[in-house]
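Here the structure comes first, spelled out in structure tokens, and everything after it is commentary.
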Amino acid sequence: MSPDLPWWHETVVYQVYPRSFADTDGDGIGDLPGVRSRLRYLADLGVDAIWLSPFYPSPLADGGYDVSDYFGVDPLLGTLADFDGLVADAAAHRIRVIVDLVPNHCSADHPFFRQALAAAPGSSQRERFLFRDGRGPDGAWPPNNWQSTFGGPAWTRITEPDGTPGQWYLHLFDPGQPDWNWRNPEIPAYFEKVIRFWLDRGAAGLRVDVAHGLFKDPELADTADPAPSHARSGYYHQPELHELYKSWRGILDSYPADVFPGRRTAIGEVWYDTIDVLGDYVTGDALPQVFNFEFLTTGWDSGALRAAIAASVGMTAASGSPWVLGNHDVPRPVTRYGLTSRPGAGAARQLTPDTTADLCAGSRRARAAALLLLALPGSVCVYQGEELGLPEVLDLPPEVRADPAFRRSGERQLGRDGCRVPLPWSGAAPPYGFSPAAGDAQARTWLPQPTDWQHYTVESQQRDPDSFLGLYRAALRLRREHPGLVSGSMTWLDGPPGMLSFSREPGFAFAANLGTAPAPLPSHDRVLLASGPVEDGRLPPDTAAWLETRPPAQ
Ligand code: TEU
């Protein structure tokens, strides 16, 4: 990598969902000391930074993305001192810590929202949120036709302090997540304090939740399509975002290099209908990075993947934006790529209760997809458990499911709990080392782990170079070492139908066979790494290989 580029180019960010990573106090819920205790594992894996999904105090209406105190740590997950200790220990392992900023909405338990409920319509307390009178007789209908992402109207009616039916407030997500009024100057000022608070504590950057949200159409007018797609609309991609992100960039850039050289970053979670929208967010002076979600919206199809990569690699490489194969919001890649109950393998965002998957095919493809993603220019974000090849847990009992999408969809969508099951670390039975052994009593994890996960544990995989973990470790090591992967720009190579191949000079080529028959590898000197067996220079279906294309320099 060029020494002039910021550090976040070509890095590997590992997403930690703290409640499901590692539990040190035996309550079945992961915690910050748990993350701290597993830094060695992350360093051995070869990650450069961790992004912590929210660890703030929260009543958990949406898995922690409903924040009731932006300046604290949920007591179930630890303390501010634990956070500070984690940052310091991570630095000792050369790992940066990125925190999750949730600026579109807070929790209905946030003191400001409680104050708003207790205050009168039109008061300054209500002006921090989006309260409106209802329409229709006695204001009994929502103020507009917007729908919440999790199902149902995006508005909830409150009872006024005097007991009468009152105003409505906007929530693009769960009713427990009231949207802030970003057109009120108090709100940007408040978030500036939040941002500085975490940067002052040594955070290397921010992951910005729903970065395409925040500002709403000032008229709050009905939209033609009330269901929140990710297109530009009354609630997404409003023009005021650019000025706001410029001001945040100013804050980030004002921080001196301390433990690590280089500036602080922010990675926007921007959902989009067409990828070109992302360019507006990362131009020069706005957000440093955005997630590239093309792998979440494109199926296992060589033509579609090539087109998606070609359309986004320029923006991605220029900004060092991370490619994403999975996160806490989407079904695990192994399951997505193996879906048998519906077509479009690889692109499913939501699963239904009748979902079935072929995990053998899914695993082969997820391994090949990982090698593809890790061979592209730009950064990569790996979601915890992806490196273990964990499948989505499809059969969680309804009563333990916590994602509001499950109940608000009338249980027609499974929701996102299946990719948030606590990690298996060691041993042959739950809790697989996630929680400390508690005598004979089996510690109960907040979401139950499958009883057949003994072969997915870190302990069992780290002995096996052919395991998922072995593949990720080898790939991350080569990514750091091979000159073609470190800085080479990419050139597509021609190949037989179904083959996806490109070179990165000097000396590297990638090939994946997405067809149904074995296909010849492009010309090469040596196979550096492969996602499955490669014989006689032929790549079997659903397999990818990293190739050395000339002898290493003497
Ligand atoms: O997700 C934002 C988002 O755009 C949603 O559409 C998301 O894809 C969701 O999974 C749909 O079911 C972010 C967070 O990543 C997510 O976990 C939160 O639920 C959401 O914001 C609200 O904070």
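Some values worked out for this structure:
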read-out	value
Selection count where residues are within 16 Å of the ligand (Cβ to nearest atom) and surrounded by 22 or more Cβ atoms within 10 Å (Cβ to Cβ), scope segment 150-161	2
Failed item in (1) in a loop (DSSP other than H, G, I, E, B); (2) in contact with a Leu (Cβ under 8 Å, 6 or more places away or on another chain), with residue 26 passing the rest	(2)
Output for segment 335-362, where each listed residue is under 26 Å from residue 410 (Cβ atoms) and among the hydroxyl-bearing types (Ser, Thr, Tyr)	335, 340, 341, 352, 355, 356
Test set (1) within 26 Å of residue 147 (Cβ to Cβ); (2) within 21 Å of the chain's Cα centre (by Cα) - residue 204 fails condition number	(1)
Matching residues in segment 229-258 - criterion: being in a helix (DSSP H, G or I) and open to solvent by less than 30 Å² (accessible area, probe 1.4 Å)	241, 244, 245, 248, 251, 252
Every pair of residues 6+ apart whose Cβ atoms lie under 8 Å, when the first sits in segment 135-148 and is farther than 19 Å from residue 172 by Cβ while the second is assigned to a helix (DSSP H, G or I) and open to solvent by 40 Å² or more (accessible area, probe 1.4 Å)	none
Flag for residue 274 being hydroxyl-bearing (Ser, Thr, Tyr) and open to solvent by less than 30 Å² (accessible area, probe 1.4 Å)	no
Residue in segment 361-371 that is more than 25 Å from residue 9 (Cα to Cα), surrounded by fewer than 21 Cβ atoms within 10 Å (Cβ to Cβ) and away from the ligand (no atom under 16 Å from the Cβ) present	yes
Single condition residue 311 does not satisfy, out of (1) surrounded by fewer than 19 Cβ atoms within 10 Å (Cβ to Cβ); (2) in contact (Cβ under 8 Å) with a residue 40 or more places away in the chain	(2)
Hey, residue 103 in contact (Cβ under 8 Å) with a residue 40 or more places away in the chain and either open to solvent by less than 50 Å² (accessible area, probe 1.4 Å) or within 16 Å of the ligand (Cβ to nearest atom) (or both) or not	yes
Condition met for residue 109 (in contact with a Ser or Thr (Cβ under 7 Å, 6 or more places away or on another chain), away from the ligand (no atom under 13 Å from the Cβ) and open to solvent by 10 Å² or more (accessible area, probe 1.4 Å))	yes
Count of segment 174-213 residues which are closer than 23 Å to residue 60 by Cα, open to solvent by 10 Å² or more (accessible area, probe 1.4 Å), in contact with a helix residue (DSSP H, G or I) (Cβ under 8 Å, 6 or more places away or on another chain) and away from the ligand (no atom under 16 Å from the Cβ)	1
Residues being surrounded by fewer than 21 Cβ atoms within 10 Å (Cβ to Cβ) and away from the ligand (no atom under 16 Å from the Cβ) - total across segment 397-424	4
Entirely in segment 289-338, the helices (runs of 4 or more DSSP H) that have 3 or more residues that are more than 23 Å from residue 62 (Cα to Cα) and more than 16 Å from the ligand (Cβ to nearest atom)	302-319
Segment 267-285, residues that are in a loop (DSSP other than H, G, I, E, B), of a type outside the set (S, T, N, Q) and either modelled with pLDDT of 95 or more or out of contact with any helix residue (DSSP H, G or I) (no Cβ under 8 Å at 6 or more places or on another chain) (or both)	269, 270, 271, 273, 284
All helices (runs of 4 or more DSSP H) inside segment 443-554 with 2 or more residues being open to solvent by less than 30 Å² (accessible area, probe 1.4 Å) and under 17 Å from residue 363 (Cα atoms)	458-461, 468-481
Test result for residue 429, open to solvent by 40 Å² or more (accessible area, probe 1.4 Å), more than 16 Å from the ligand (Cβ to nearest atom) and assigned to a loop (DSSP other than H, G, I, E, B)	yes
Filter pass, residue 440 being surrounded by fewer than 21 Cβ atoms within 10 Å (Cβ to Cβ), at pLDDT below 95 and among the acidic types (Asp, Glu)	yes
Residue count, segment 21-36 (criterion: over 17 Å from residue 385 (Cβ atoms) and open to solvent by 10 Å² or more (accessible area, probe 1.4 Å))	6
Index of the failed condition, residue 164 passing every other in (1) within 16 Å of the ligand (Cβ to nearest atom); (2) free of Cβ contacts under 8 Å to residues at least 24 places away in the same chain; (3) β-branched (Val, Ile, Thr)	(1)
In segment 59-77, the residues that are of a type outside the set (A, V, I, L, M, F, W, C) and either more than 11 Å from the ligand (Cβ to nearest atom) or surrounded by fewer than 23 Cβ atoms within 10 Å (Cβ to Cβ) (or both)	59, 63, 68, 69, 70, 72, 74, 75
Residue in segment 137-148 that is of a type in the set (Gly, Ala, Ser), touching a Leu at 6+ places or on another chain (Cβ under 9 Å) and buried (at least 23 other Cβ atoms within 10 Å of the Cβ) present	no
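The values are calculated or read from the model by the stated rules, or taken from the named source; none is laboratory data. What you are looking at is a predicted structure, and each value in this text was computed from that prediction instead of being measured. Cβ: placed from backbone, ideal geometry, glycine included. Neighbour counts: every protein chain shown. When the accessible area is computed, the model is the full protein with side chains, heavy atoms only, and any ligands, DNA or RNA have been set aside. Shrake-Rupley method; radii C 1.70, N 1.55, O 1.52, S 1.80 Å.
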